[in-house]
Every structure is written in C-alpha cells, then in structure tokens.
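Take a look at the structure set out below.
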Amino acid sequence: MTTEPPGSGQQPPEDDPFRKQPPPGQQPPSGGQQPPYGQQPPPYGGGPYGGGPHPGDPLAGMPPLADSGRRTLARIIDLILVGIVVWLVTWPIGVHEYTVNGNNVAVGKSFAQSVIAAVLYVAYDTFMISNSGQTLGKKWLRMRVANLDNGSTPSVQTSLARAAVLWIPFAFCCACIWTAISGGWSYFDRPYKQGLHDKAAKTVVVSTD
C-alpha cells in the first residue's frame, strides 16, 4: 500500500475543476497535461498580492489568496457548528468539562470530552476539505483549501494532516490560544498567507469569488 506525503499530491484528474489552469490564450501541452508547475504566469493579475508575474510562483494559475479576516470568520463559524454537535453528543451521556459535587471537583471526565471534540472536529474538517476543499464556513464565505503544488483539492491524507495539526492541540490543551496561533499565523506569513496547519499540509486557502 503506497502512501502520499501531505501536499505532494498526485496530478489532479482532468475533470478536477480546481486544478491550475493556463492563462487565457495559452493552451496546455499535448496529451492534456498542464505545463510544468510554476511555468505559466498567473491569470488573476499577477502574484498572490496583485503584483506582476513571478516566474516559478507556485500560485501561478490559481485564484488570489483568501483574506485572513474572512478565514478567521469562517473558522469561527465552523467552531460554533461543530461545537454544537459536541455539546449535543456529550450532554446526554453526562460528559462535561468539570463536575462539581460539594467540595469535590472532578476533572477526569474532561479527557473524554476532549477525545470526542477532537474526533468530531478532525472528522468534519477532513471530510469536508477532502471532498470539496471547503468547510461550511469557507463555502459560505467563498474560499477553499488547495494544494500548494498543483491547486487541486487536498487528498484525504493531506486533509487529515491539516486537521490534526489544527484541532488536536485545540481539543486537548490550549483551545483558543492554539487556534489563534495556528490560524493567526496567516496574517503575518509571506508570501502564501499560510497558517501553521497549512504549512504542515502544504496547502493554501484561495478565494472562489
């Protein structure tokens, strides 16, 4: 059984609507294959920040990078949606972060809640991203996750690696702090505006406007 390293990506299928496209007026080489990655100028006004073409830029042929503020808002939407599911699952079985009984404060059940939260958040992110490149939050705010190397929708393995880096620390230790660090990294990262989870999976988030 072969494994695919995160983000390396096999060549996307011909019918993948998200694969990189050549600029208008430029035809791909014979056989339907795209030109070698990075050899065509971007068709959306140059580099990732609207400048001139950058030879060898991995983003050549992809839409512009998504705004970090919109990414944050999409993440908050996903946090709320999955958080509701976590609460609905854990509430009937009595799993809460803390149980207080007189002078006895029990925190043992918090681990069970963390496990459930980690599984649900990772499963949600992995399933949605590997199927369309979009969680519900990203879909509503018109952006998607793409492989940096070829612009295609990330594979299950790549999506799982990305989700694990983002959500496992969130569920088990530092919650909002880790989310702020991992996602907030995109505000300062250049040139690809990647969060730490994007760097781990070799992905970027681009606009679908």
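Please treat every number below as a calculation from the coordinates, not as lab data. Everything numeric in this text was worked out from a predicted model, so none of it was measured. Cβ coordinates were reconstructed from backbone atoms using ideal geometry, including for glycine residues, and neighbour counts include every protein chain displayed.
List of remarks:
- Once the Cβ-Cβ distance of A180 and R142 is raised to the sixth power relative to R0 = 22 Å, the FRET efficiency obtained is 0.40.
- Placing a pseudo-label 7 Å from each Cα along the Cα-to-Cβ vector at V156 and F172 gives an inter-label distance of 2.3 nm.
- Placing R0 at 30 angstrom, the Cβ-Cβ distance between S132 and I93 gives a FRET efficiency of 0.40 after rounding to 0.05.
- Built amide H within the under 5 Å cut-off of M143, gap 5+: T208
- Integer Hz, Karplus 6.51/-1.76/1.60 couplings in order for the stretch 67-82, x for Gly and Pro: 5, 5, x, 5, 4, 4, 5, 4, 5, 4, 4, 5, 4, 5, 4, 6
- T208-V85 pseudo-label distance in nm [points 7 Å out on the Cα-to-Cβ vector]: 1.7 nm
- Taking label points 7 Å from Cα along the Cα-to-Cβ direction, L73 and R190 give a separation of 2.5 nm.
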